[in-house]
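The values are calculated or read from the model by the stated rules, or taken from the named source; none is laboratory data. No experiment lies behind these values; they were computed from the predicted model shown. Cβ: placed from backbone, ideal geometry, glycine included. Neighbour counts: every protein chain shown.
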Amino acid sequence: YMHIHEHQAKDLFKKNGIKVPDFIVVSNAKEAETACKKLGGSIWVVKAQVHAGGRGKGGGVIVCKNIEDAIEASERLLGPDASGQPVNEVIIEAGQDIAKELYLGLLVDRASERITVLASIEGGMDIEKVASETPDKIIKMKTSPLSKLSLDECAEVSVKLGLDESLHAEFSQTLMGLYEIFTAHDANLIEINPLIITGDNQIMALDGKIDFDDNALYRNESISILRDVAQEDEKERSASEYELNYISLDGTVGCMVNGAGLAMATMDLIEYH
Ligand code: ADP
Ligand code: MG
């Protein structure tokens, strides 16, 4: 799959009618200062642009109450992170007044072969815990492969989430926008976590994660140009130049195979021994 950065996902969201906070991408502390001034307001959130998730818990999202702090946060985040992954850009984003954090996602469910909507009223950084401990709090809706997602279906998800009626239209527009991106560009997974309800009752995507099917990149040029090789494993990247599928693993055993099934079987055998 090909991943893209949060800021790239948010640009796609904006183009498809999904509200996002104002943000500016910067690559050094000097630009950070200019960005804060340009954004205005009194809270700035500095967010590392890395393909890895869990930035909030890992210190990659820093809420700042003054410009000096935002400059310092940018300096701290830019450069390699704790795991050695390069952070070449951060975004400075307008701080939002969060009343509620939801989760909204779309994925290809392999078992049913359907694009499936996943939504939860319990979004935020502990969504994995919600999924494993209280799976009934995650709403699932399979979409039809024969017709486009309808506004009625979107409203149905909104009702199931228990959202206030005043939010149905905006929620539906958000889900429609996601579906549009998903189907137009052969995505495999899109997640907004969190999708927030603000203090003044607006719906906004505070984060964005998209994985595209790399087998379909040839017909999605506007997406393939978003690839950031700096975020990829060096060995996997150079193998891909020769159209080889190479997967970096730790340990000392290598495995050369002519198909994913054989690869899995061989790995099982190695583990068994
Ligand atoms: P990750 O998923 O990598 O941890 P997020 O973008 O979801 O990163 O941010 C983590 C948390 O930081 C969010 O759940 C939210 O509570 C907070 N946050 C992120 N962006 C903003 C923002 N613009 N304003 C206020 N809080 C934010
Ligand atoms: Mg998130």
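Scoring residue 179 on the criteria (1) surrounded by 21 or more Cβ atoms within 10 Å (Cβ to Cβ); (2) closer than 26 Å to residue 46 by Cα; (3) more than 16 Å from ligand 2 (Cβ to nearest atom); (4) of a type in the set (Ser, Thr, Tyr) leaves a single failure, condition (2).
Residues that are farther than 23 Å from residue 127 by Cβ: find the strands (runs of 3 or more DSSP E) completely inside region 25-114 holding 1 or more of those.
44-48, 61-64, 90-94
The residue that is nearest to ligand 1 (Cβ to nearest atom), among those in region 121-137 that are within 19 Å of residue 203 (Cα to Cα) and over 16 Å from the mean Cα position of the chain (by Cα), is 122. Here 226, 163, 195 are screened, and the one residue that is surrounded by 17 or more Cβ atoms within 10 Å (Cβ to Cβ) and within 16 Å of ligand 2 (Cβ to nearest atom) is 195.
For residue 129, the criteria (1) exposed (fewer than 13 other Cβ atoms within 10 Å of the Cβ); (2) modelled with pLDDT of 95 or more; (3) in a helix (DSSP H, G or I) hold in every case but one, which is (2). Filter region 200-216 for residues that are within 16 Å of ligand 1 (Cβ to nearest atom) and either surrounded by 18 or more Cβ atoms within 10 Å (Cβ to Cβ) or within 21 Å of residue 126 (Cα to Cα) (or both) and give the result. Correct list: 203, 204, 205, 206, 207, 208, 209, 210, 211. Using beta carbons and a limit of 9 Å, which pairs, at least six apart or on different chains, have the first residue in region 79-103 and at positive phi and the second one away from ligand 1 (no atom under 12 Å from the Cβ) and modelled with pLDDT of 95 or more? Between residues of region 79-103 that are at positive phi and residues that are away from ligand 1 (no atom under 12 Å from the Cβ) and modelled with pLDDT of 95 or more, the close pairs are 79/87; 79/88. Determine which single condition residue 189 fails, assuming it passes every other condition in (1) surrounded by 14 or more Cβ atoms within 10 Å (Cβ to Cβ); (2) within 28 Å of residue 138 (Cβ to Cβ); (3) more than 16 Å from the chain's Cα centre (by Cα). Exception for residue 189: condition (3). Considering region 232-273, and only residues there that are of a type in the set (D, E, K, R) and over 20 Å from residue 3 (Cβ atoms), the residue that is modelled with the lowest pLDDT turns out to be 271.
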